[in-house]
Amino acid sequence: MREQELIVYRDFEDGELFYDCAWLMTHYDDDHYNEEDVRGLFYECIHKLIELAGTYGFHGNLWHCYLANLLVNNENSYSCGCEIRGEIEGSINDAALHDIVIFKEFYDYDFAPMMERLHVPEYELLTHYESSKRESQVYNTRICARICELAEKFCADHTPEEMKATLTQFYKEYGVGKFGLHKSFRVTHDESGVHVVPILNIAHVKLDDLVGYEIAKKKLVDNTEAFVNGRKTNNCLLFGDAGTGKSSSVKAIANEYYDRGLRIIEIYKHQFQDLNDVISQIKNRNYRFIIYMDDLSFEEFEIEYKYLKAVIEGGLERKPENILIYATSNRRHLIRENYSDKEEIREDMHTSDTVQEKLSLVYRFGVTIYFGAPDKKQFQTIVKTLADRSGIVMPEEELLLAANKWELSHGGLSGRSAQQFVDYLLGQETKEV
């Protein structure tokens, strides 16, 4: 086999299995090696493929799924150029095709002689593997299904050119690597540096799930729509009362625009010093990234906001056009202010400078959207709508009376307390059954 001749597709994650199988394909019938050792390696490869099926949720021909997964996760000059945009021009196409020719040899490889020579009939289990009902630990159900479908499509491709075209179409529709196959991420920092890692289970909330706030939602959608279409747009601050749907709206945006190349990266204020490293990892990708800061606010002694100010606007390097910052906060001005900041007599001689320093951060958000607590009538509308969507059958007067009692002891009038109340009713129904 010609795995060492690969040019573009190299350095695979989970690549040890690939190279072990390549060695087996070349040496399984070589009398120079101990047959028991070779059989042991073959069983080890079978074990790894089954473990990968459990981790990734693969089914069908596990060898084909594994190869497809290597191809859709390998971030190289060809795959990154094709993500979201589709087929690209240049000599890189010839280099990529050279590698696909080799991959097709692996894809079409017949394991039957190896099974017979090494007396390992168990490999047959992997050709029509039925996965468990457990969800993938790596991909959401939709992406897992697409990779398995890609593996099947490769079977119908008779030539390397057709296989390359199928793979390129996948890159265009779903992207490549972690940014292509996941919609949301968090930031971690260890000894080796700053990492952007996928969040595997994001809430499947949609904007329509948020009852009311139509003006606020439209303002958020308009800003995001302009962003994904490559038009000029602004960083966005969603502020207002607790439990009114600010965070849910941002999550819904991530779900709504994923298919159009939008990705969201959640970062906390103690990580703001890592912002430049995060931006350097994503600024040259073909996706649009929202850096999301939830519940953003600062006490007077906290200075992390200075990192954020420099990144948003003010540093020498211009913020990349494929990056936008969305933040939610219960505070309009983000940084705690004191009456002493505006007093005539204080230790700081320049009181106006102090005020401007604290306000300068919020001024760097070009779009501000207010989410206010609902009044009694709006709260009742939210409760009725959520109860109806959840299939709760209950006299309206009884429902609203119970909801009013609930909100008095559970945070007051808000969409969150309304949802918690409906969840409580659903739990009681389950208990009764």
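The values are calculated or read from the model by the stated rules, or taken from the named source; none is laboratory data. The shown structure was predicted, so the numbers you read here are calculated from the model rather than taken from an experiment. Don't worry about glycine lacking a Cβ; one is built from the backbone with ideal geometry, like all the others, and counts go over all protein chains shown. In case anyone asks, the SASA skips ligands and DNA or RNA and just uses the protein heavy atoms, side chains included. Shrake-Rupley method; radii C 1.70, N 1.55, O 1.52, S 1.80 Å.
For this structure, a couple of remarks:
- If you go through region 369-378 and keep only what is modelled with pLDDT under 90 and either of a type in the set (Gly, Ala, Ser) or surrounded by 18 or more Cβ atoms within 10 Å (Cβ to Cβ) (or both), you end up with GLY372, ALA373, PRO374.
- Breaking point among (1) farther than 25 Å from VAL221 by Cβ; (2) open to solvent by less than 80 Å² (accessible area, probe 1.4 Å); (3) out of contact with any helix residue (DSSP H, G or I) (no Cβ under 8 Å at 6 or more places or on another chain), for VAL393: (2)
- Qualifying residue in region 45-57 (condition: basic (Lys, Arg), over 31 Å from the mean Cα position of the chain (by Cα) and either part of a helix (DSSP H, G or I) or at pLDDT 95 or above (or both)): no
- Filter pass, ASP11 being touching a helix residue (DSSP H, G or I) at 6+ places or on another chain (Cβ under 8 Å), open to solvent by 20 Å² or more (accessible area, probe 1.4 Å) and outside any helix (DSSP H, G or I): no
- Selected residue (only one of ASP259, ASP348, ASP341, ASP295 is under 17 Å from the mean Cα position of the chain (by Cα) and modelled with pLDDT under 90): ASP259
Matching residues to (1) outside any helix (DSSP H, G or I); (2) at pLDDT below 95; (3) under 19 Å from the mean Cα position of the chain (by Cα):
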{"position": "ASN69", "(1), (2), (3)": "no, no, yes"}
{"position": "ILE84", "(1), (2), (3)": "yes, yes, yes"}
{"position": "ILE88", "(1), (2), (3)": "yes, yes, no"}
{"position": "ASP99", "(1), (2), (3)": "no, no, no"}
{"position": "MET114", "(1), (2), (3)": "no, no, no"}
{"position": "GLU135", "(1), (2), (3)": "yes, yes, yes"}
{"position": "ILE143", "(1), (2), (3)": "no, yes, yes"}
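- Selected residue (only one of LEU167, LEU118 is surrounded by 16 or more Cβ atoms within 10 Å (Cβ to Cβ) and within 30 Å of GLU35 (Cβ to Cβ)): LEU118
- Restricting attention to region 82-113 and to residues that are free of Cβ contacts under 8 Å to residues at least 12 places away in the same chain and among the small types (Gly, Ala, Ser), the residue that is surrounded by the fewest Cβ atoms within 10 Å (Cβ to Cβ) turns out to be SER91.
- Scope region 250-275; condition of a type in the set (Gly, Ala, Ser), touching a Leu at 6+ places or on another chain (Cβ under 8 Å) and farther than 14 Å from ILE325 by Cα; matching residues: ALA252
- All conditions but one from (1) farther than 23 Å from ASN284 by Cβ; (2) in a helix (DSSP H, G or I); (3) in contact (Cβ under 8 Å) with a residue 40 or more places away in the chain apply to LYS217; the one that does not is (3).
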